[in-house]
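Structure record follows, encoded as structure tokens.
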Amino acid sequence: MSSNQNNKSALATLCTVFFFWGFIAASNSVFIPFCKTYFNIDQFQSQLVDFAFYGAYYIGALSLFIMSSAVKRDILNNWGYKNGIVYGLLLSAIGAFVMFPVTAGAEQGQTGVFYLVLIAFFIVALGFSLQQTAANPFTVALGDPKTGSHRLNLTGGINSFGTTIGPIVVSLAIFGTASWSTDQLAEKINSNEITLVTVQVLYMCVGALFLTAAALFHFSKKLPALKSDTAFEPANKARNLLILLTLIIIGCFGYIFSTYAGDAVATDQLEHTRLLILFIALFAVIATVFVANSSAAKNPIGWGAMKYPQLVLGMLAIFTYVGVEVTIGSNLGELLKQSFEGTGLNALGFPVLNDSELGKYISLYWGGLMIGRWVGAITVFNPSKGVKKVLLIIVPYVAFAVILLANLVKYSFTLNEILYFGICIAVQIAGFLFAKDNPVKTLKTFSLLGILAMLIGLFSSGNIALFAFLSGGLCCSIMWPCIFTLSIAGLGKYTSQGSAFLIMMILGGAIIPPVQGKLADVFSIQSSYWMAVACFAYLLFYAFRTKRVLDKQGVRY
């Protein structure tokens with residue numbers, strides 16, 4: 001068998017882990033509003049699912065970097081990418097199996113059990129961190145580095161297929177095919193007719209799939225071990241700064257957790273204090289990036305890959321990108337189910353939805369990411385220019401049809417809803433045609449569209465507002481490979497280390513959703529989406545700024 005055929009087989013095998021990440025991450029968007037109802041918690045607490053899940057990515061990648069620094073060699077490279085993925089799958093399997101004992105016998109209102117659930121999520125995501133740190137460079141290494149971003153788009157498309165069906169499967173697992181009114185659902189939860197047993201069964205099955213995938217990777221002869229030839233580069237100053245950032249975040253969230261202990265009454269003053277502490281954690285991340293950037297410019301020794309401004313700015317771009325992608329979806333459920341001033345309508349002017357009815361909109365949001373990534377993967381197949389233009393128009397609507405068909409298991413969309421989202425897809429297609437596969441132009445285009453979409457959602461109501469927020473998935477869909485490609489451009493021997501720093505910044509999914517959740521608690525759920533506007537605004541700034549930086553270094557994009 002030729003090397004090219006082996007690489008295609010290896011890439012097909014590798015796609016399985018990308019599917020798992022998407023399936024679990026997007027299903028959190030259904031699980032979060034369910035947890036809020038089941039455990040009697042506020043919007044900030046419900047967003048701790050994301051804090052545990054995405055925080056594990058940061059802790060996992062940072063721990064690997066610290067241990068590698070201690071032994072002065074790249075531990076993951078020593079294992080090989082293949083073994084790194086196997087170890088990560090085994091760790092995720094442990095987390096999935098832990099879900100059973102921590103929820104055994106749990107009943108409605110037992111908030112303490114919710115925190116044990118977070119531990120299980122943390123372990124699952126810790127495994128994902130190891131998998132992702134290995135799988136992204138593995139994907140790039142399976143062929144010409146110049147087409148690496150296109151392979152990442154292809155695997156991203158598989159990841160997004162997981163995000164599309166994840167909310168549907170989890171909604172079916174918890175609620176079945178029935179659709180109840182809000183009062184009926186609350187009654188069934190209060191009477192323990194709806195319990196966590198189905199969640200236990202679901203995660204036992206997921207754990208078994210993790211073990212199966214680990215065996216597939218371990219015994220696959222078509223999957224090369226692959227190691228990077230790059231020597232480990234120490235970066236003591238960068239390491240120390242990241243450790244300091246970790247301590248600040250632990251301190252901030254530790255304080256907030258302590259205010260929820262016992263029977264503390266959530267006064268307005270306490271809520272504002274919690275929000276202030278969350279912003280301190282957020283600004284600590286931003287300050288870390290700018291301290292690294294300015295300090296490395298004066299003396300690059302000890303900063304490793306952080307001496308490159310495109311990487312440091314890219315770290316914050318990955319932070320805000322993952323944060324905005326996750327926070328739009330994770331807070332969407334509350335946006336649709338929270339009654340507005342006792343009117344019986346939600347903030348957008350629709351009848352209030354309950355947990356069992358949210359799945360189709362969450363699936364549509366995450367499906368938007370699948371649509372964009374399928375389009376981004378077209379280049380992998382090297383079509384002619386004419387065929388490519390046709391595919392740019394056809395593929396998004398084929399992907400949309402897949403989303404609609406997947407939802408038929410439980411949900412259906414009205415013609416109006418199909419029309420509104422179809423228009424959003426048309427705008428996305430126009431963006432792709434305008435950007436012409438240029439990562440800088442693509443990032444500028446979709447960052448600007450993201451800002452406009454969020455502003456329309458904030459200042460309108462009804463279907464216009466709903467589908468403006470849902471289109472956030474379409475805007476985010478193509479950003480990861482653009483940011484990743486631009487951030488590691490020109491890094492040379494520091495490319496591997498720079499990739500590890502970028503994976504750490506998935507931390508944005510742990511920090512930004514809780515901040516928006518507390519903004520919703522203090523102000524309103526709709527106004528909390530100003531957080532998404534701010535994230536897209538930074539991404540727009542990054543696109544302009546990184547272009548200047550790369551031009552100055554003689555790296556053309």
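Just so you know, all these numbers are worked out from the coordinates, no wet-lab data involved. Since we're looking at a predicted model, the values are computed, not measured. FYI the Cβ positions are ideal-geometry reconstructions off the backbone, even for glycines, and counts take in every protein chain you see.
Relative to its residue count, the range 417-512 spans a Cα convex hull of 102 Å³ per residue. Globularity index of the range 84-143 is 1.44 (Cα radius of gyration / 2.2 N^0.38 Å, N = number of residues).
The H on the amide N of residue 40, modeled in the peptide plane, is under 5 Å from the matching H of 109, each at least 5 residues off or on a different chain. Taking every alpha-carbon pair in the chain and binning the separations at 10 Å intervals from zero gives 4, 19, 31, 29, 15, 4, 0 percent. Summary value for the chain: 24 percent relative contact order, contacts being C-alpha pairs under 8 angstrom separated by 6+ residues.
Beyond 27 Å in Cα-Cα separation lie the following of the pairs 389/444; 307/547; 72/298; 388/493; 298/518: 388/493; 298/518.
The stretch between residue 291 and residue 390 holds 31.0 nm of extra length on full extension. This uses 0.36 nm per residue minus the Cα-Cα distance. Taking GluC sites (Glu not before Pro) that fall in a DSSP loop and have at most 11 other Cβ atoms within 10 Å as cut points, what is the longest piece of the chain between them? In the chain, the maximal stretch lacking such sites is 342-557.
The listed peptides 53-64, 123-134, ordered by packing as a protection proxy, come out as 123-134, 53-64 (highest mean of other Cβ atoms within 10 Å first). What shape does the range 268-407 take by its C-alpha gyration tensor, where a ≥ b ≥ c are the square roots of the eigenvalues and a/c under 1.5 counts as rounded, a/b above b/c as prolate, and the rest as oblate? In terms of gyration-tensor shape, oblate. The relative contact order of the range 407-557 comes to 29 percent, based on Cα pairs under 8 Å that sit 6 or more residues apart.
Ranked from highest to lowest mean number of other Cβ atoms within 10 Å per residue, what is the order of the peptides 34-41, 504-511, 388-395? Before the final figure, lay out each step's value.
Working: 34-41: 21.4, 504-511: 26.6, 388-395: 15.0.
Listed from highest to lowest mean packing, they are 504-511, 34-41, 388-395.
With the largest listed first and rounded to whole Å, the semi-axes of the equivalent ellipsoid of the range 249-319 from the Cα gyration tensor are 35, 11, 9.
Each Cα pair under 8 Å and six or more residues apart adds its separation to the average, and for the range 1-129 the resulting relative contact order is 33 percent. Amide H to amide H distances under 5 Å link residue 80 with no residue, where only residues 5 or more positions off or on other chains count and H is placed in the peptide plane.
Between residue 381 and residue 198, what FRET efficiency comes out of the Förster formula 1/(1 + (r/R0)^6) with R0 = 51 Å and r the beta carbon distance, rounded to 0.05?
Details: r = 40 Å, r/R0 = 0.78.
With a Förster radius of 51 Å, E is 0.80.
Here's the list of lysines a cross-link from residue 410 could span, going by alpha-carbon distance under 23 Å and ignoring same-chain residues fewer than 8 apart: 36, 188, 337, 360.
Here residue 221 is the anchor, and the lysines within straight C-alpha reach of less than 17 Å, apart from those fewer than 8 places off in the same chain, are 8, 82.
Close amide-amide hydrogen proximity is noted between residue 338 and 347, each under 5 Å apart and 5 or more residues distant or on a separate chain (H modeled in the peptide plane; Pro and chain starts excluded). The distance between label points at residue 94 and residue 269 comes to 4.5 nm (points 7 Å beyond Cα on the Cα→Cβ vector). In this label model, residue 437 and residue 255 are separated by 5.1 nm, measuring between points 7 Å along each Cα→Cβ vector.
Magnitude of the charge dipole for the range 414-557, about its Cα centre and with charges confined to Cβ atoms of Lys, Arg (+1) and Asp, Glu (-1), is about 680 debye.
What shape does the range 37-111 have by the C-alpha gyration tensor, where a ≥ b ≥ c are the square roots of the eigenvalues, rounded means a/c under 1.5, and otherwise prolate means a/b greater than b/c and oblate the rest? Please report the intermediate quantities before stating the final value.
Working: a/c = 3.88, a/b = 2.10, b/c = 1.85.
Prolate, since a/c reaches 1.5 and a/b exceeds b/c.
Taking label points 7 Å from Cα along the Cα-to-Cβ direction, residue 557 and residue 544 give a separation of 1.7 nm.
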